[in-house]
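Peer 1: I have a structure here, written as structure tokens, and I will follow up with some questions on it.
The values are calculated or read from the model by the stated rules, or taken from the named source; none is laboratory data. Remember, it's a predicted structure, so these values are computed and weren't measured experimentally. No Cβ is skipped: glycine too gets one built from the backbone with ideal geometry, and neighbour counts run over all protein chains shown. Accessible surface is based on the protein model in full, side chains and every heavy atom, while ligands, DNA and RNA are left aside. Shrake-Rupley method; radii C 1.70, N 1.55, O 1.52, S 1.80 Å.
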Amino acid sequence: MGEPSPHGPSPPLHNPPSTPLEAQMADTLTITDNRTGTQYELPIKDGTISAIDLRQIKTDSDDFGLLSYDPAYKNTASCRSAITMIDGDKGILRYRGYPIEQLAENSTFLEVAYLLLNGELPNAGELSKWENEITHHTFVHEYVIRAMDGFLHDAHMMGKLVTFIATLSTFYPKSKAVRDKATRDEHIVKIIAKMPTLAAWCFRHSTGRPYLYPDNSLSYCGNFLNMLFRMGEQNYKPNPILERALNVLFILHADHEQNCSASAARAVGSSEADPYVSLAAAAAALYGPLHGGANEAVLRMLREIGDVKNIPSFIDGCKNGDKRLMGFGHRVYKNYDPRAKIIKDLAHEVFAVTGKNPLLDIALELEKIALSDEYFVKRKLYPNVDFYSGLIYQAMGFPVEMFPVLFAIPRSVGWLAQWQEMLDDPEQKIARPRQVYIGADERDYVPMDKRG
Ligand code: CMC
């Protein structure tokens with residue numbers, strides 16, 4: 001049978017539970033294979049059965065055994081995780097047990113990063129040491145600036161960011177020692193510290209502005225704003241409301257359990273690739289418009305709608321499948337995304353500083369109509385984190401291409417927490433799904449002159 005079951009062996013059932021009640025109480029699942037009439041009893045642990053336990057279900061000794069089929073992992077848990085908990089039906093999100101609302105209200109991003117990576121909130125000494133470590137690794141090798149100039153002036157910022165995260169792998173070959181905890185910790189710090197610098201340089205390259213170096217006297221978010229927006233000022237002071245807003249946005253985006261990009265980080269990392277290339281793969285997954293590229297797509301959609309009076313025809317387009325209401329819907333949330341609620345409130349605080357984003361009225365009306373429309377109600381489609389975040393980013397002066405980059409910076413913490421957990425998990429191995437082969441049977445090679 002190859003791989004052992006994480007729950008131990010589960011032989012065919014010789015003494016099936018005599019009553020349905022007994023079977024119910026046994027924390028097992030009884031399966032009857034109607035092809036053979038054989039019954040099997042599989043253990044249920046944490047609300048799951050182990051897919052490898054299905055392999056014993058065979059029609060005869062030549063049969064490979066039963067596989068579970070689950071394209072896009074719609075009902076498959078790929079790991080045990082203690083990092084992030086989502087209850088999609090209730091609209092609940094917690095990091096290490098702490099409700100996202102409380103963290104957004106009371107924490108800083110770096111405090112949350114510590115929590116996600118270490119499992120507990122830091123005490124004052126731990127936090128100050130952590131902040132100090134991050135602050136002193138913010139500088140990035142000058143060659144990145146040289147390489148940046150190899151890109152076209154209109155290269156997408158996320159394309160550049162993916163490239164430069166991977167490039168750091170070549171600067172830090174020792175990071176390949178992924179089983180060594182001290183090495184791992186060293187590169188976790190480096191990545192979190194350098195992401196804002198890389199992101200800011202991608203932005204400065206695209207906007208034709210000179211690259212700026214980190215200012216270690218500023219906070220994580222304050223320094224990021226500095227590297228993005230400072231021009232001739234001697235003493236740049238980030239606006240405290242915008243700095244706080246960025247902190248909150250970073251907290252909300254820091255992790256989201258086994259999403260597409262976290263799964264990419266885990267899958268690539270499972271081959272023991274170094275953390276830089278594992279995270280570059282995760283960032284590439286985030287780039288797609290169905291994932292972290294959705295905030296960019298929301299802005300383009302709102303611009304395309306252009307006016308509140310065009311909303312009904314846009315909604316009709318969504319219902320007949322021509323359009324997609326970007327920033328709506330989620331694989332896990334079948335309720336209002338709790339992050340979207342926090343961002344909606346935050347938007348008003350930001351607009352008090354920056355002036356209101358004129359697209360807000362379209363977004364609010366779109367939300368109102370969609371939430372009362374039977375198509376969206378029936379499918380439980382609610383605003384997700386990306387619906388309002390782009391409006392804030394745009395009001396703060398970011399071009400739309402920067403939006404997925406702004407998602408990637410905080411999410412790198414989640415990727416690292418997931419990657420680290422995967423490496424420490426004795427149940428994990430190199431990720432290697434099975435397939436159901438539906439191609440041609442064996443056939444003989446056809447020479448060119450015999451092909452039609
Ligand atoms: N607009 C219109 N219809 C939709 C939408 C939408 N945004 N999302 C889902 N549907 C419909 C879909 O057509 C399907 O209808 P039917 O049952 O008639 O075929 C039904 O709702 C179920 O959708 P699905 O595509 O099977 O759901 P999924 O779990 O595979 O997809 C999703 C989840 C997030 C990819 C999808 O809802 C979507 O494309 N949303 C827009 C993109 C977006 O906002 N993405 C950001 C997600 S949150 C941040 C992140 O994870 O990065």
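Peer 1: Of the residues 101, 120, 133, 111, which single one is among the acidic types (Asp, Glu) and more than 22 Å from the chain's Cα centre (by Cα)?
Peer 2: So the residue among 101, 120, 133, 111 that is among the acidic types (Asp, Glu) and more than 22 Å from the chain's Cα centre (by Cα) is 133.
Peer 1: Are any residues in the stretch 273-306 closer than 20 Å to residue 189 by Cβ and either part of a loop (DSSP other than H, G, I, E, B) or not hydroxyl-bearing (Ser, Thr, Tyr) (or both), and if so, which ones?
Peer 2: If the condition is that a residue be closer than 20 Å to residue 189 by Cβ and either part of a loop (DSSP other than H, G, I, E, B) or not hydroxyl-bearing (Ser, Thr, Tyr) (or both), then 273, 274, 275, 277, 279, 280, 282, 283 are the ones that fit.
Peer 1: Then there's this: Restricting attention to helices (runs of 4 or more DSSP H) lying wholly within the stretch 100-152, give those where 1 or more residues are loosely packed, with under 13 Cβ neighbours inside 10 Å.
Peer 2: Where helices (runs of 4 or more DSSP H) fall fully within the stretch 100-152 and carry at least 1 residues being loosely packed, with under 13 Cβ neighbours inside 10 Å, they are 100-106, 124-135, 143-148.
Peer 1: Kindly indicate which of 363, 347, 340 is among the aliphatic types (A, V, I, L, M), more than 16 Å from the ligand (Cβ to nearest atom) and part of a helix (DSSP H, G or I).
Peer 2: The unique qualifying residue is 347.
Peer 1: Does residue 429 satisfy being within 24 Å of the chain's Cα centre (by Cα), on the phi > 0 side of the Ramachandran plot and either at pLDDT below 95 or basic (Lys, Arg) (or both)?
Peer 2: So residue 429 does not fit the description; no.
Residues checked against (1) touching a helix residue (DSSP H, G or I) at 6+ places or on another chain (Cβ under 8 Å); (2) aliphatic (A, V, I, L, M); (3) at pLDDT below 95; (4) more than 9 Å from the ligand (Cβ to nearest atom):
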site: 254; (1), (2), (3), (4): yes, yes, no, yes
site: 259; (1), (2), (3), (4): no, no, no, no
site: 264; (1), (2), (3), (4): yes, yes, no, yes
site: 270; (1), (2), (3), (4): yes, no, no, yes
site: 275; (1), (2), (3), (4): yes, no, no, yes
site: 278; (1), (2), (3), (4): yes, no, no, yes
site: 292; (1), (2), (3), (4): yes, no, yes, no
site: 300; (1), (2), (3), (4): yes, no, yes, yes
site: 310; (1), (2), (3), (4): no, no, no, yes
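Yes/no matrix, rows are residues, columns are (1) of a type in the set (Val, Ile, Thr); (2) open to solvent by 60 Å² or more (accessible area, probe 1.4 Å); (3) within 18 Å of residue 387 (Cβ to Cβ):
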{"site": "281", "(1), (2), (3)": "no, no, no"}
{"site": "286", "(1), (2), (3)": "no, no, yes"}
{"site": "295", "(1), (2), (3)": "no, no, yes"}
{"site": "320", "(1), (2), (3)": "no, yes, no"}
{"site": "324", "(1), (2), (3)": "no, yes, yes"}
{"site": "329", "(1), (2), (3)": "no, no, yes"}
{"site": "334", "(1), (2), (3)": "no, yes, yes"}
{"site": "339", "(1), (2), (3)": "no, no, yes"}
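Peer 1: What do you reckon, is residue 219 surrounded by fewer than 23 Cβ atoms within 10 Å (Cβ to Cβ), away from the ligand (no atom under 16 Å from the Cβ), over 30 Å from residue 421 (Cα atoms) and of a type in the set (Gly, Ala, Ser)?
Peer 2: It is false that residue 219 is surrounded by fewer than 23 Cβ atoms within 10 Å (Cβ to Cβ), away from the ligand (no atom under 16 Å from the Cβ), over 30 Å from residue 421 (Cα atoms) and of a type in the set (Gly, Ala, Ser).
Peer 1: Mind listing just one residue for me: the one in the stretch 402-441 that is open to solvent by 20 Å² or more (accessible area, probe 1.4 Å) and closer than 30 Å to residue 389 by Cα and, of those, farthest from the ligand (Cβ to nearest atom)?
Peer 2: For the stretch 402-441, the residue satisfying everything is 420.
Peer 1: Taking the stated definitions as given, is residue 203 touching a Pro at 6+ places or on another chain (Cβ under 9 Å) and crowded, with 21+ Cβ neighbours inside 10 Å?
Peer 2: yes
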